[in-house]
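To keep things clear, I will list the structure first and then write my remarks on it.
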Amino acid sequence: MRTFNPQLRDRLAGQYVLGSLRGPARRRFEKLMHADANLRRAVTGWEARLLPLANALPEVAPPPRVWRGIADRLRAREPVPTWSWRGLVLWRTLAGGFAAMLLAGVVIYPVLVQRGAEAQYLAVLQDPQAQIALLASATRDGRLKIKPLNDLRQVSAQKALELWALPDGGKPRSLGLIAPDGKTVIELKTQAGLIPALAVSLEPPGGSPTGQPTGPVLYSGKMLSI
Amino acid sequence: MPPPDQLNALLGECSLGRQRALETLYRLTSAKLFAVALRILRRRDWAEEVLQECYVSIWQHAGRYDPLKSQPMTWMTRIVRNRCLDRLDRPNLEVPAPDDDFAASWADDAPGPMALLLTQESSAQLAGCLKGLEGHQRQAIALAFFEGLSHSEVAQHLSQPIGTIKSWVRRGLEKLKGCLG
């Protein structure tokens, strides 16, 4: 990974925030930023310095159709994230169900068989954009493995990722915290076949203080029997 | 301008899924962010689309906002600006020409757009520091920031070699940093 000396880093960060760094250079810079905390710090510094410049623009009220469009998109995308679990799962199933089944059949099943695991259930957890983020597999006797496809440390930041079992109609039940950057194995207290769906929410470090999800639901997916 | 504490609290509520909070946040901040998008994109239809995308994104990512790292308005402005710049970087885009009068108004020493900066607590110091820049440095910075022009577009707009523009921007930013800390 290419690294910069502090002066160059600061200069590029300033140009990035100003907006004069553009095209492929801007995209390269963003990639480096994801991997380099010093670069992110430099950018945050420049944002604090430069973005208040926006105050120089007289306000312009957007037309009412803009808010209506936002409200429509929220309804279409995700009925209230925290409390509407069933709607959420249904929506995900409709939107991503086919892709998930395909993936489960073509990609994951052979991998599991090859490893000799006797996994009986699979869940493909997706974000609201239907991007697959985590794969979970469980044996009939209740040993659940869950693994992120990408490093989710950026997402979880200073917080924790908590896994939930979503029963039909009932309240979500915590299955514990999961690692953002590697496999987590969880012993389920029930048979995996009794869990219709899984979800992951963002919680304070140590997990939800209430025993119910308090943060946004980041990923969810239906448990599929294989 | 709504107080940062109020915006912080609203973002917190958004992260808990309360849509009412997003509605209030929108009411308090959308005119400011729409102005930002409209100035960069210079087309109302695009600015409206981007604004919608941004509030949906603010809603989805409110849980990631960290009040210890940035002011809420800074965080939201970043989301809007980045999305606008991403759109400008799309290939084969016909973008209307920037507003010459606005850019020119940053070059001279008349109060112009700086007067508005001075009325806001969060930008008064910035206005003071901008006064310490050369007129041409200020203008190059304003063209990049407000109109979303790249170094080479600023160079075209001001009929200067790109190397000159890069050094105006670099020196201007260095001076601002020295002044603002």
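The values are calculated or read from the model by the stated rules, or taken from the named source; none is laboratory data. From a predicted model like this one, the values you see are computed outputs, not experimental measurements. All Cβ positions, even for glycine, are placed from backbone atoms using ideal geometry, and neighbour counts span all protein chains on display.
Can you pull out every residue in the range B:27-48 that is within 9 Å of chain A (Cβ to nearest Cβ) and over 17 Å from the mean Cα position of the chain (by Cα)?
Correct list: B:27 only.
Among the residues of the range A:176-224, write down those that are touching a helix residue (DSSP H, G or I) at 6+ places or on another chain (Cβ under 6 Å), part of a loop (DSSP other than H, G, I, E, B) and in contact (Cβ under 8 Å) with a residue 40 or more places away in the chain.
A:215, A:216
Residues being aliphatic (A, V, I, L, M), part of a loop (DSSP other than H, G, I, E, B) and within 8 Å of chain A (Cβ to nearest Cβ): count how many of those fall in the range B:137-181.
1
Somewhere in the range B:36-46, is a residue closer than 23 Å to residue B:9 by Cβ, at pLDDT below 95 and outside any helix (DSSP H, G or I)?
Looking for residues that are closer than 23 Å to residue B:9 by Cβ, at pLDDT below 95 and outside any helix (DSSP H, G or I), one finds none in the range B:36-46, hence no.
Looking only at residues in the range A:1-29 that are loosely packed, with under 15 Cβ neighbours inside 10 Å and of a type in the set (D, E, K, R), which one is nearest to the other protein chains (Cβ to nearest Cβ)?
Residue satisfying both the conditions and the ranking: A:27.
For every residue, the table says whether it meets (1) within 21 Å of residue B:175 (Cα to Cα); (2) of a type in the set (A, V, I, L, M).
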{"site": "A:15", "(1), (2)": "yes, no"}
{"site": "A:19", "(1), (2)": "yes, no"}
{"site": "A:22", "(1), (2)": "no, no"}
{"site": "A:26", "(1), (2)": "no, no"}
{"site": "A:34", "(1), (2)": "no, no"}
{"site": "A:39", "(1), (2)": "yes, yes"}
{"site": "A:44", "(1), (2)": "yes, no"}
{"site": "A:49", "(1), (2)": "yes, no"}
{"site": "A:60", "(1), (2)": "no, yes"}
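Any chance the range B:30-43 includes a residue that's touching a Pro at 6+ places or on another chain (Cβ under 8 Å), within 23 Å of residue B:169 (Cα to Cα) and not hydrophobic (A, V, I, L, M, F, W, C)?
Yes, the conditions are met somewhere in the range B:30-43.
Filtering the range B:144-166 down to residues that are of a type in the set (S, T, N, Q) and over 15 Å from residue A:21 (Cβ atoms), which residue is surrounded by the fewest Cβ atoms within 10 Å (Cβ to Cβ)?
The first filter runs over the range B:144-166 and keeps only residues of a type in the set (S, T, N, Q), leaving B:150, B:152, B:156, B:159-160, B:164.
Still in the list and also over 15 Å from residue A:21 (Cβ atoms): B:156, B:159-160, B:164.
Details: B:156: 13, B:159: 6, B:160: 14, B:164: 14.
Among residues in the range B:144-166 that are of a type in the set (S, T, N, Q) and over 15 Å from residue A:21 (Cβ atoms), the one surrounded by the fewest Cβ atoms within 10 Å (Cβ to Cβ) is B:159.
Which of the numbered conditions does residue B:99 fail, given that it passes all the others? Conditions: (1) at the interface with another protein chain (Cβ under 8 Å from one of its Cβ atoms); (2) modelled with pLDDT under 95.
Here residue B:99 meets the rest and fails (1).
If residue B:145 satisfies all but one of (1) within 14 Å of the chain's Cα centre (by Cα); (2) of a type in the set (Phe, Trp, Tyr); (3) assigned by TED's automatic domain parsing to the domain that holds residue B:47, what's the number of the condition it fails?
(3)
Condition (residue is of a type in the set (S, T, N, Q), within 30 Å of residue B:55 (Cα to Cα) and free of Cβ contacts under 8 Å to residues at least 24 places away in the same chain) applied to the range B:121-143: is it met by at least one residue?
Looking for residues that are of a type in the set (S, T, N, Q), within 30 Å of residue B:55 (Cα to Cα) and free of Cβ contacts under 8 Å to residues at least 24 places away in the same chain, one finds at least one in the range B:121-143, hence yes.
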